[in-house]
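The values are calculated or read from the model by the stated rules, or taken from the named source; none is laboratory data. Model, not experiment: these values are computed from the prediction. Counting neighbours? That spans all protein chains shown, and the Cβs are built from the backbone with ideal geometry, glycine included. The area values use the complete protein model at the heavy-atom level, side chains included, leaving out ligands, DNA and RNA. Shrake-Rupley method; radii C 1.70, N 1.55, O 1.52, S 1.80 Å.
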Amino acid sequence: MELQRLRVVFRAALELPDDAVVDSLEYRGTEKWDSLAHMALVAAVEDEFDVMLDTDEVIDLSSFDRARQILEKHGVVLTD
């Protein structure tokens, strides 16, 4: 269920359709994911999962999969 929450966050922050597949999405993999959208995505991830990403993690959040890994490092269990 948590993984679905992350999908919803990605779609909302990047202004993608509700049915957009985001699991394989990477930074600049869509025109919607530019530097401004990246910061909106970071803020949305932090808010939704109640975490605070450090600067290296913000920079490293370069894909959906990497976001999952970063959240797991913060103790967020992401299951489908």
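For the structure I just gave you, tell me whether E57 is in contact with a strand residue (DSSP E or B) (Cβ under 6 Å, 6 or more places away or on another chain) and either exposed (fewer than 15 other Cβ atoms within 10 Å of the Cβ) or of a type in the set (D, E, K, R) (or both). In short, no. For segment 44-60, the set of residues classified as within 16 Å of L14 (Cβ to Cβ) and in contact (Cβ under 8 Å) with a residue 24 or more places away in the chain consists of A44, V45, E48, listed by residue number. Inspect all residues belonging to segment 65-75 and state whether any of them is hydrophobic (A, V, I, L, M, F, W, C), free of Cβ contacts under 8 Å to residues at least 60 places away in the same chain and either touching a His at 6+ places or on another chain (Cβ under 7 Å) or within 17 Å of A12 (Cβ to Cβ) (or both). Checked segment 65-75: no residue is hydrophobic (A, V, I, L, M, F, W, C), free of Cβ contacts under 8 Å to residues at least 60 places away in the same chain and either touching a His at 6+ places or on another chain (Cβ under 7 Å) or within 17 Å of A12 (Cβ to Cβ) (or both). Taking segment 25-51, which residues are under 17 Å from E2 (Cα atoms) and outside any helix (DSSP H, G or I)? Residues satisfying the conditions are D50, V51. Hey, could you check segment 1-29 for residues that are open to solvent by 80 Å² or more (accessible area, probe 1.4 Å) and over 11 Å from the mean Cα position of the chain (by Cα) and say which is nearest to L78 (Cα to Cα)? This residue is M1.
Scanning segment 30-43 for residues that are over 13 Å from A12 (Cα atoms) and open to solvent by less than 60 Å² (accessible area, probe 1.4 Å) returns T30, D34.
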